[in-house]
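See structure below.
The values are calculated or read from the model by the stated rules, or taken from the named source; none is laboratory data. Only a predicted model underlies this, so the values are computations on that prediction, with no experimental measurement involved. Here Cβ is always computed from backbone atoms with ideal geometry, including for glycine, and neighbour counts include all displayed protein chains. All accessible areas refer to the heavy atoms of the entire protein, side chains included, with ligands and DNA or RNA removed. Shrake-Rupley method; radii C 1.70, N 1.55, O 1.52, S 1.80 Å.
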Amino acid sequence: MTHIGDAEDTRDRLLGWLLPDGDPVSSLAQEDVERFCWYELPVKWAGEPVEYPRILTALADLLDAAGRPRAAAVCTSETTREILTAWQHSPDQGCAAFRRAVDASPVTPPDTSLLAWGSVMGIDEAVARSNASWMLEEALDDGVLVPGARGYDAARVKHLERWLTTPYSAHDGPTPLDAIHSERRHTWAEAPPAARRRLRGPLADLLATAPAVPEGTAEPLRWLLESVGDGVTLTQAGYLPRALVVEAAERYDWYLPGMVPRTEYDVVRLTELHQLARAERLLAKRHRKLALTARGRQHLADPALLQATVAHGWFGDRVVAELAEAAAAVLLGGETTLDDLTSTVHALAAEAFTHADGSTPQPDDARRFLWQWLRPGEALGFLSFRDRRRSTITLTPTGRAAAVAAFRARAHAPRTIPWA
């Protein structure tokens, strides 16, 4: 039997914990109820597991009385019982069960093609995510979204994307998506060390607007995809057929004057395109046949998508992408020399990274990286060299747009660490 005094004490503790400012129970979001039941109660609340049923029943009663049956059901659900049991087994099991339940919750905003939520958020993103959860909860209560109904997942994403692209009062005018991107851009631009800030800082305003997609972006790659089409037969060594190699060399002046290449291996730029197309799953090999994939056809029909994918493939990921940022930031400022590019890339590498053995990167390391990055850039038509000595480099119009697209994608990406 529970004494009235005990019940009132539990009720007061719950209200003080969940609504410290004295707001009505009806203002409590289901997201907050889930976090309390699945994490705060077993981890932070001062109490024994034997008390959990009484506490959860009290919270459910409060929510029912406030007209919040959906949130009340969380308190007494089988999911909640399983998570609390997992916490009693071990913190790792409890945390894993908590994360699974949050991911499966209908009020957890999903990732969409417009936005992937970060595991580390700034204030604007955290506010937007909380408001998005409340918006989804209202849609569930109003019957606009019905879990388990046909097309529910797609409808949920569409509902969220519509909200993300509509101006919202919490962000003083901008859409939630614009507010999140602005916050991420500025965090990205201010990331240490100083060498990184010097390169990124001047780009923050430039990246606020998406670049137009120039006509003919990545034209050499587009030509290769169209030429391969439904399929070509590779050589015994796995190279592109000689007729295609010769056509590429003549079309783009990619071989020595008056000479004809024998294999793809002789035309480095074509090899770069072939590797990029395979890495991005635009072309696929089955036995000795190379053919355009469904993803490749989608990219041929969508120049913006092609530019975004190729820009990402050009920049790469992790450390390689950071060094690519350094080189591209210099090139966005205008024509430059290989020596200046090397100096800038080396300055960032020496300040931000070390080799596996703890040694500091040297200028030769920067120069080797640059040639690995410049080759595909030239093959894609993004870079131009003044003469055959290749000492002076500039971005082409398509290269400039691709570089800005790559920078925007990186600046707007979800964060997993406080500084990225």
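For every residue, the table says whether it meets (1) of a type in the set (S, T, N, Q); (2) out of contact with any strand residue (DSSP E or B) (no Cβ under 8 Å at 6 or more places or on another chain); (3) free of Cβ contacts under 8 Å to residues at least 24 places away in the same chain.
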| position | (1), (2), (3) |
| --- | --- |
| Arg162 | no, yes, yes |
| Ser169 | yes, yes, yes |
| Pro176 | no, yes, no |
| Ser182 | yes, yes, no |
| Ala189 | no, yes, no |
| Pro192 | no, yes, no |
| Ala195 | no, yes, no |
| Gly201 | no, yes, yes |
| Asp205 | no, yes, yes |
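Residues that are open to solvent by 50 Å² or more (accessible area, probe 1.4 Å) and part of a helix (DSSP H, G or I) were ranked within the range 148-169; the one that is modelled with the lowest pLDDT is Ser169.
Of the helices (runs of 4 or more DSSP H) lying entirely inside the range 278-384, those containing at least 1 residues that are more than 25 Å from His412 (Cα to Cα) and out of contact with any Leu (no Cβ under 8 Å at 6 or more places or on another chain) span 294-301, 338-352, 363-379.
Based on what the data block shows, is Leu145 under 23 Å from the mean Cα position of the chain (by Cα) and surrounded by 13 or more Cβ atoms within 10 Å (Cβ to Cβ)? Here the answer is no, as Leu145 does not meet what is asked. Kindly provide the set of residues from the range 377-404 that are open to solvent by 20 Å² or more (accessible area, probe 1.4 Å), touching a residue at least 12 places away in the same chain (Cβ under 8 Å) and not polar (S, T, N, Q), ordered by number. Scanning the range 377-404 gives Glu378, Gly381, Arg386, Arg390, Leu395, Pro397, Arg400.
Here the condition is being surrounded by 14 or more Cβ atoms within 10 Å (Cβ to Cβ) and without any contact (Cβ under 8 Å) to a residue 40 or more places away in the chain; of Asp357, Asp365, it holds for Asp365 alone. Scanning the range 245-277 for residues that are among the hydrophobic types (A, V, I, L, M, F, W, C), free of Cβ contacts under 8 Å to residues at least 24 places away in the same chain and part of a helix (DSSP H, G or I) returns Val246, Ala249. Counting residues in the range 80-103 that are within 19 Å of Pro176 (Cβ to Cβ), at pLDDT 95 or above and open to solvent by less than 20 Å² (accessible area, probe 1.4 Å) gives zero.
Exactly one residue out of Val245, Val330, Val319 is of a type outside the set (S, T, N, Q) and either on the phi > 0 side of the Ramachandran plot or open to solvent by less than 20 Å² (accessible area, probe 1.4 Å) (or both): that is Val245.
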